[in-house]
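Okay, structure first, notes after.
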């Protein structure tokens, strides 16, 4: 639904944002260390979701390079997320562009992406279409690789990531949902409450059907999915990790039993769920000591990244592991 919708629709959205702000990531900014300002792109399409587009292009980026889309959490800004999450380090080192979408308070007073509004997550409209237009503009202007476009986000940005993977499996090769919820978990304010905490339990088939309904009749390849959660997350319940595993293993063709597990820094368990010949695995990451935020590991090591702060949690460099899962790192 375009942002020229009727006043009752807008009023409902703003009221929803006010209430959700009580339990969402509030506008408590983490440290902003803007070594390189993002480039704002002011014209990238019809922009029905009224979002703001920024991007970062490493110097000398070659044609045919990948693109990674970043979606911040509630209360955050694009520059803040790009600076502190750590993605620019790997964009420079491994050669890919970053597209950083930003929510506006005119759409949501807490600057949350509207993952609970059906008109904003459906294929062909709203915020989801605005993000796709950002991708299309970047592919054209940079001659980037359309087969290597990825998306990741935190909290509301994580929930929007799940919906983008559902609505646009033909656009994204992979996605990483950080402290998010399954696609289709909520279609309004009351549903959003229960999805965030304590979480909503459904069968794997029910969750999978919600993804399939986002693009009916689609038979092409599906994106690779990784799912990140903290074991001490009291904003978006840890139970959402298991529900998201149900959803994406059902869509991709696997079950909820991990085929391999391994241990990473900060006690993180990495669980790989094989999903059949030719289909990417679903990968789950559980860091038991983490609350609500993007995992970072400040420092200059090969597997370190980011800056600690509000909703940037010192534990491990999620960017490194996500980029490695996507095959973007050397």
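The values are calculated or read from the model by the stated rules, or taken from the named source; none is laboratory data. The model shown is predicted, which means the values in this text are computed figures rather than measured ones. Cβ placement follows ideal geometry from the backbone for every residue including glycine, while neighbour counts extend to all protein chains displayed.
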>> Can you list residue pairs whose Cβ atoms sit under 8 Å apart, with the first residue in the range 58-74 being loosely packed, with under 13 Cβ neighbours inside 10 Å and the second being modelled with pLDDT of 95 or more? Count only pairs 6 or more apart in sequence or on different chains.
In response: 62/95; 63/142; 63/143; 63/144
>> If I ask for residues that are more than 28 Å from residue 324 (Cα to Cα), outside any loop (DSSP other than H, G, I, E, B) and in contact (Cβ under 8 Å) with a residue 24 or more places away in the chain, which ones from the range 170-199 would you list?
In response: 189, 191, 192, 193, 195, 196
> Can you name the condition, by its number, that residue 284 falls short on among (1) more than 26 Å from residue 124 (Cβ to Cβ); (2) in contact (Cβ under 8 Å) with a residue 60 or more places away in the chain; (3) touching a strand residue (DSSP E or B) at 6+ places or on another chain (Cβ under 9 Å)?
Replying inline: (2)
>> Within the range 206-216, does at least one residue satisfy the condition of being over 20 Å from residue 285 (Cα atoms), without any contact (Cβ under 8 Å) to a residue 24 or more places away in the chain and outside any loop (DSSP other than H, G, I, E, B)?
In response: yes
> Does the range 284-308 hold any residues that are touching a helix residue (DSSP H, G or I) at 6+ places or on another chain (Cβ under 9 Å), assigned to a loop (DSSP other than H, G, I, E, B) and surrounded by 17 or more Cβ atoms within 10 Å (Cβ to Cβ), and which are they?
Replying inline: 290, 304, 306, 307
> In this structure, is residue 95 surrounded by fewer than 21 Cβ atoms within 10 Å (Cβ to Cβ), out of contact with any strand residue (DSSP E or B) (no Cβ under 8 Å at 6 or more places or on another chain) and at positive phi?
Replying inline: yes
> Can residue 213 be described as modelled with pLDDT of 95 or more, surrounded by 17 or more Cβ atoms within 10 Å (Cβ to Cβ) and on the phi < 0 side of the Ramachandran plot?
Replying inline: no
>> Given the options 227, 241, name the one that is part of a helix (DSSP H, G or I), touching a residue at least 12 places away in the same chain (Cβ under 8 Å) and under 16 Å from the mean Cα position of the chain (by Cα).
In response: 241
>> Here are the criteria: (1) over 15 Å from residue 70 (Cβ atoms); (2) more than 16 Å from the chain's Cα centre (by Cα). Tell me which single one residue 138 does not satisfy.
In response: (1)
